[in-house]
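The values are calculated or read from the model by the stated rules, or taken from the named source; none is laboratory data. Small disclaimer: the values here were computed from a predicted structure and weren't measured. So basically every Cβ, Gly included, is an ideal-geometry build from the backbone, and we count neighbours across all protein chains shown. Ligands, DNA and RNA are stripped out before the accessible areas are found, and what is left, the full protein with its side chains, is counted by its heavy atoms. Shrake-Rupley method; radii C 1.70, N 1.55, O 1.52, S 1.80 Å.
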Amino acid sequence: MNSQAYGERWGRHWLDLAGYADSNGYDEKDVVREHAWRYRDYVIRSLNNDKPYNEFIREQLAGDEIAATEGVHANSNTERERARYAELMTATGFLRMAPDGSASLNNMSTRNQCVTDTIKIVSSTLYGMTIECAQCHNHRYDPITQADYYSLRAVFDPGFDIKQWRVPRNRLVSLQTKQQATQAAEIEKEAKKIDAERAAKEEQFIAEVLEKELAKREESIQEDLREAYNTEVKKRSAGQKKLLAQNPSINKLSASSLYLYDSTYKTKHAGTLKEIAARAQAVRNTKPKAEFVQAFAEQAKKPEAVDSTQVFFRGNPDSPKEKVTPSDLSVLASWRVTQLPEFSEELSTTGRRLAFARSITDGRHPLFARVIVNRVWKHHFGLGLVASVSDFGVLGDLPSHPELLDYLAYRFMESGWRLKELHRLILTSQTWKQSSRRSKLGDELDPDNRLLSRQNARRLEAEVFRDSLLAVAGKLNRKPFGPPIPVMPTTDGSIVVGNDTTDSAGRQTGKYIPLYGEEFRRSIYIQVRRSRPLDMLTTFDAPSMTDANCASRPETTVSPQSLLLMNSTGMREYARFLSQRLQAFEAADRASRIRLAFSLCYGREASEAEVQDSEAFIAVQEKYYKENPAKFEKESGPAEKDNAPPDSLAFAAFCHALLSSNEFLYID
């Protein structure tokens, strides 16, 4: 748990709940969110630092209002305070993760849908309830009224401000200090001096070329041509346009075409302008880097200027009815105070989200701790104590061990809301340490294993599977944090890791821009583009985030998974990498390499029968490739020019078989 990989592994579970994506989704435009990755990094760092879960949630619900109470901002005096402000504002990205159609189509419908999706994310993540079902009417099964839904929405409405909506690009919060802004302005002033120098040179060069071109024309039309060229385009007369059309070498003269005249007149005008532009850019490159976060920052308003929240008749935002005030679910009123203050006396904002965050994390909420404890249990055992991890309501499953769930929730809070302590408690238990092997008695008494008479056999999750392939092949790049690694469509329509070089119409250009090892980063750092889910991940049930979030991943066993394992170019490429790693092994004999392959892939020694079968398989494959030469395949990039050695192809086929097996894919 002290490994960097801990936050990356468990952060992926949280990002599912938050609906994390690097694009806005909603329609085919799927506008990219350039700064969303900072929220992903915040989650990873928070988990690695074992930030108390109650604090983790408070920051995500009301980081901007916490910053105000702590008195930190972008221009705080100390680096620690500025870093704290950046952390708090980044945390509120949780409330900006829902699909947002207003990036491409800003109307009441897209705005309301974004708010609705955010409420779903909050309710499914923190309550483990289907509160969103009460948007149009009282919940059919659970004691949640439509008024409850809109009272919860009232907590967040002032931040969304649906009537004075800010589109995604206008919500970005700058982390730049006043000092940095002043420094950037001074640098820009110097760069503009160079720009002015370039503009003067450009004007001079164009004038020189113009005179040389005019000298080639009859003297009688030179003055008319000069006047026509120097006249503003939209003010040219029909005669001037005709005259210029008859003299295309003058008509087409511009700064961008000077290079064409350099060869004619043996000048270097284009090169000179390019050099001056490079000087200006070099100056601009010294500016302090402007950093932005995709944050949920409520705008300060006087109480009378804050729009009230109203119940929408049948969920239609164009049919507002009675007003409601911010509140938790009324069904909880017998346990705790549910009403929340409408306005804060200590903040310039309403303070509703901060009050809500403090309330739900106070240790007395009946669902909050149980929901997260149940999720952690699910990820360790494959099934939660409450199997329906996002539905603790009437239609959800009853807990298999209710007293255990209560005990774990109590211990979790008593330990300071530390997730690592919860992991330690579960992982040191005899229950978790059990084998997944079935027994006759266990199958008779506990056929579905709800009583945990054994451990559950579990398939590797999509990201863990890909990361394991990279690790075994010796290619895993463990570099943490930073902007996402891009994805691209291939000629056959599949989505793979790579720089997208399609043109504006989405057509393949055939260009290839290498990633220099970044393509081997952990899967959590791969771009989550809602319209371009990575094929390898979605085939094994990773969410594409076309919905608001993924409260629980499906666990399917379908034929496309086997087909991908057998036939995908990506799998063959991983097999080649593993083969090359094994062939670089100093041992000269093939049997030693086979044993190493089993050790790397399965964490155990190969039996003598397996070694013999593997040698026989490799021999058959080698014979085949001697008779049928072939090249190694690539998922992206230029194709191999030469055929690969038969023995290398044969060993890669053997590695492919190991990587495609159930033993590699499942944890027993």
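Given contacts defined as C-alpha pairs under 8 Å and at least six residues apart, what's the relative contact order of segment 90-201, whole-number percent? Can you show the working numbers first?
Values: 64 pairs, mean separation 20.2, N = 112.
Answer for segment 90-201 is 18 percent.
Report the trypsin sites (Lys or Arg not before Pro) located in segment 313-405 that are in a DSSP loop and have at most 16 other Cβ atoms inside 10 Å of their Cβ, or state none. Present the calculation step by step, with values, prior to reporting the outcome.
Details: sites: Arg314, Lys321, Lys323, Arg336, Arg352, Arg353, Arg358, Arg364, Arg370, Arg375, Lys378; in loops: Arg336, Arg364.
Qualifying residues, ordered by number: Arg336, Arg364.
State which entries of Lys120/Lys301; Lys378/Lys420; Lys193/Lys241 exceed 23 angstrom in Cα-Cα distance in the structure shown.
On the way: Lys120/Lys301 26 Å; Lys378/Lys420 15 Å; Lys193/Lys241 35 Å.
Over 23 Å apart, Cα to Cα: Lys120/Lys301; Lys193/Lys241.
Evaluate the relative contact order of the chain (contact order divided by residue number), counting alpha-carbon pairs under 8 angstrom at least 6 apart; express in whole percent.
Numbers: 970 pairs, mean separation 105.4, N = 668.
Relative contact order of the chain: 16 percent.
So what's the Cα pair-distance distribution over segment 189-282, bin width 10 Å, in %?
15, 42, 29, 13, 1
What are the GluC sites (Glu not before Pro) within segment 631-668 that DSSP puts in a loop, where the Cβ has at most 12 other Cβ atoms within 10 Å? Can you show the working numbers first?
Numbers: sites: Glu633, Glu635, Glu640, Glu663; in loops: Glu633, Glu635, Glu640.
Taking segment 631-668 and a limit of 12 other Cβ atoms within 10 Å, the loop GluC sites (Glu not before Pro) found are Glu640.
For a quick size check, give me the Cα extents of segment 490-603 along its three principal axes, largest first, whole Å.
52, 38, 25
Measuring from the lowest to the highest alpha carbon on each principal axis, how far does segment 1-44 reach, largest first, in angstroms?
Dimensions of segment 1-44 along the principal axes of its Cα atoms: 41, 18, 11 Å.
If you rank Tyr525, Tyr410 by how much accessible surface each has, with a 1.4 Å probe, what is the order from largest down?
Numbers: Tyr525 0, Tyr410 125 Å².
The ranking, largest first, comes out as Tyr410, Tyr525.
Going down the table (Lys51/Lys289; Lys192/Lys234; Lys201/Lys234; Lys511/Lys641; Lys29/Lys163), which pairs top 19 Å between alpha carbons?
On the way: Lys51/Lys289 28 Å; Lys192/Lys234 28 Å; Lys201/Lys234 25 Å; Lys511/Lys641 17 Å; Lys29/Lys163 24 Å.
From the list (Lys51/Lys289; Lys192/Lys234; Lys201/Lys234; Lys511/Lys641; Lys29/Lys163), the Cα-Cα distance tops 19 Å for Lys51/Lys289; Lys192/Lys234; Lys201/Lys234; Lys29/Lys163.
Percent of accessible area on the chain owned by carbon and sulfur, 1.4 Å probe? Kindly include the intermediate steps, with their values, before the conclusion.
Numbers: 16550 of 32820 Å².
C and S fraction of accessible area: 50 percent.
From the Cα gyration tensor of segment 626-668, with a ≥ b ≥ c the square roots of its eigenvalues, which class applies: rounded if a/c is under 1.5, or else prolate if a/b is larger than b/c, or else oblate? Intermediate values should be presented prior to the final figure.
Working: a/c = 4.58, a/b = 1.80, b/c = 2.55.
The shape class here is oblate.
Principal axes first, then extents: for the Cα atoms of segment 126-269, list largest minus smallest coordinate on each axis, whole Å, largest first.
Here the Cα extents, ordered largest to smallest, are 92, 44, 26 Å.
Give me the one-decimal nm value for the distance between modelled label points at Asn107 and Lys641, 7 Å along each residue's Cα-to-Cβ direction.
Spacing of the two 7 Å Cα→Cβ label points: 5.6 nm.
Starting from the Cα gyration tensor of segment 167-212, take the square roots of the eigenvalues, sort them a ≥ b ≥ c, and report rounded, prolate or oblate (rounded when a/c is under 1.5, otherwise prolate if a/b is larger than b/c, else oblate). Intermediate values should be presented prior to the final figure.
Values: a/c = 9.83, a/b = 2.35, b/c = 4.18.
It is oblate, given that a/c is not under 1.5 and a/b is not larger than b/c.
With viscosity set to 0.890 mPa s and temperature to 25 °C, compute the Stokes-Einstein D of segment 76-171, Rh being the Kirkwood radius across alpha carbon pairs; µm²/s, no decimals. Provide the component values of the computation, followed by the final result.
Details: Rh = 15.0 Å.
This corresponds to a translational diffusion coefficient of 164 µm²/s.
Name the lysines eligible as straight-distance cross-link partners of Lys266: C-alpha to C-alpha under 16 Å, and not fewer than 8 places from it in the same chain.
Lys212
Antiparallel as a % of all DSSP beta bridges within the chain, to the nearest 5?
Values: 13 of 15 bridges.
In the chain, approximately 85 percent of DSSP beta bridges are antiparallel ones.
Leaving out ligands and nucleic acids, note down the accessible area per residue over the chain with a 1.4 angstrom probe, in whole Å². It would help to have the intermediate numbers written out before the result.
Values: 32820 Å² over 668 residues.
On a per-residue basis, the chain sits at 49 Å².
Ala199 to Gln179: FRET efficiency via 1/(1 + (r/R0)^6), r the Cβ-Cβ distance, R0 35 Å, to the nearest 0.05?
Working: r = 30 Å, r/R0 = 0.87.
Step by step, r from the Cβ atoms, then E = 0.70.
Put Asp157, Asp224, Asp500 in order of accessible area, largest first, 1.4 Å probe: what do you get?
So the residues, ranked largest to smallest area, are Asp224, Asp500, Asp157.
Taking only the alpha-carbon atoms of segment 45-91, what semi-axes of the equivalent ellipsoid follow from 5 times the gyration tensor eigenvalues under a square root, in whole Å, largest first? List each step's numbers first, then the result.
Working: eigenvalues 68, 30, 11 Å².
Equivalent ellipsoid of segment 45-91: 19, 12, 7 Å, largest first.
Which whole-number percentage describes the relative contact order of segment 203-322, with Cα contacts under 8 Å and a sequence gap of 6 or more? Can you show the working numbers first?
Details: 55 pairs, mean separation 18.0, N = 120.
About 15 percent, as a whole number.
Starting from the 7 Å offset along Cα-to-Cβ, what nm value, one decimal, do you get for the label separation of Ala277 and Val337?
6.4 nm
Please report the orientation-averaged projected area of segment 475-553, defined via the convex hull of its C-alpha atoms, in nm². Walk me through the numbers on the way to the answer.
Numbers: hull surface 25.6 nm².
One quarter of the hull surface, i.e. the mean projection, equals 6.4 nm².
When Lys and Arg each count +1 and Asp and Glu each count -1, what net charge do the other residues less than 14 Å away from Ala619, Cβ to Cβ, add up to? Write out the running numbers ahead of the final one.
Working: positive: Arg590, Arg593, Lys623, Lys626; negative: Asp589, Asp613, Glu615, Glu622, Glu627, Asp647.
With Lys, Arg at +1 and Asp, Glu at -1, the neighbours total -2.
What is the calculated FRET efficiency for Lys216 to Lys511, with r their C-beta to C-beta distance and R₀ = 51 Å, to the nearest 0.05?
Values: r = 40 Å, r/R0 = 0.78.
FRET efficiency, Lys216 to Lys511: 0.80.
Over the Cα atoms of the chain, what radius of gyration and what Dmax do you get, in Å?
Every Cα atom of the chain included, Rg and Dmax give 31.4, 110 Å.
What shape does segment 89-136 take by its C-alpha gyration tensor, where a ≥ b ≥ c are the square roots of the eigenvalues and a/c under 1.5 counts as rounded, a/b above b/c as prolate, and the rest as oblate? Please report the intermediate quantities before stating the final value.
Numbers: a/c = 3.50, a/b = 1.24, b/c = 2.82.
Since a/c reaches 1.5 but b/c is at least a/b, the shape of segment 89-136 is classed as oblate.
How do Tyr229, Tyr150 stack up against each other in accessible area, from largest to smallest, with a 1.4 angstrom probe?
Values: Tyr229 40, Tyr150 0 Å².
Heavy-atom accessible area, descending, gives Tyr229, Tyr150.
Near Lys274, which aspartates and glutamates are there with a Cα under 16 Å away, not counting those fewer than 8 places off in the same chain?
By straight Cα distance, Lys274 reaches Asp195, Glu197, Glu202, Glu203, Asp262.
Exactly which trypsin sites (Lys or Arg not before Pro) in segment 106-165 are in a DSSP loop and have at most 12 other Cβ atoms within 10 Å? Mind dumping the intermediate values first?
On the way: sites: Arg111, Lys120, Arg140, Arg153, Lys163; in loops: Arg140.
Counting only loop positions with at most 12 other Cβ atoms within 10 Å, the trypsin sites (Lys or Arg not before Pro) in segment 106-165 are Arg140.
Taking every eigenvalue of the Cα gyration tensor of segment 523-668, multiplying by 5 and rooting it, what semi-axes result, largest first, whole Å?
Details: eigenvalues 198, 77, 34 Å².
Ellipsoid semi-axes (Å, largest first): 31, 20, 13.
To the nearest µm²/s, what D does Stokes-Einstein give for segment 212-362 at 37 °C and 0.692 mPa s, using the Kirkwood radius over alpha carbon pairs as Rh? It would help to have the intermediate numbers written out before the result.
Numbers: Rh = 23.6 Å.
The estimated diffusion coefficient comes to 139 µm²/s.
Could you work out the equivalent-ellipsoid semi-axes for segment 452-501, taking the square root of 5 times each eigenvalue of the Cα gyration tensor, largest first, in whole Å? Mind dumping the intermediate values first?
Numbers: eigenvalues 171, 52, 24 Å².
The three semi-axes for segment 452-501 are 29, 16, 11 Å.
Given C-alpha coordinates of segment 231-281, what is the ratio Rg to Rh with the Kirkwood estimate of Rh?
Values: Rg = 14.4 Å, Rh = 12.8 Å.
Across segment 231-281, the Cα-based Rg/Rh ratio is 1.13.
Per residue of the chain, what 222 nm ellipticity follows from adding -39500 (n - 2.57) for every DSSP H run with n ≥ 4, rounded to the nearest 500?
Values: 26 runs with 319 residues, N = 668.
Per the formula, -15000 deg cm²/dmol.
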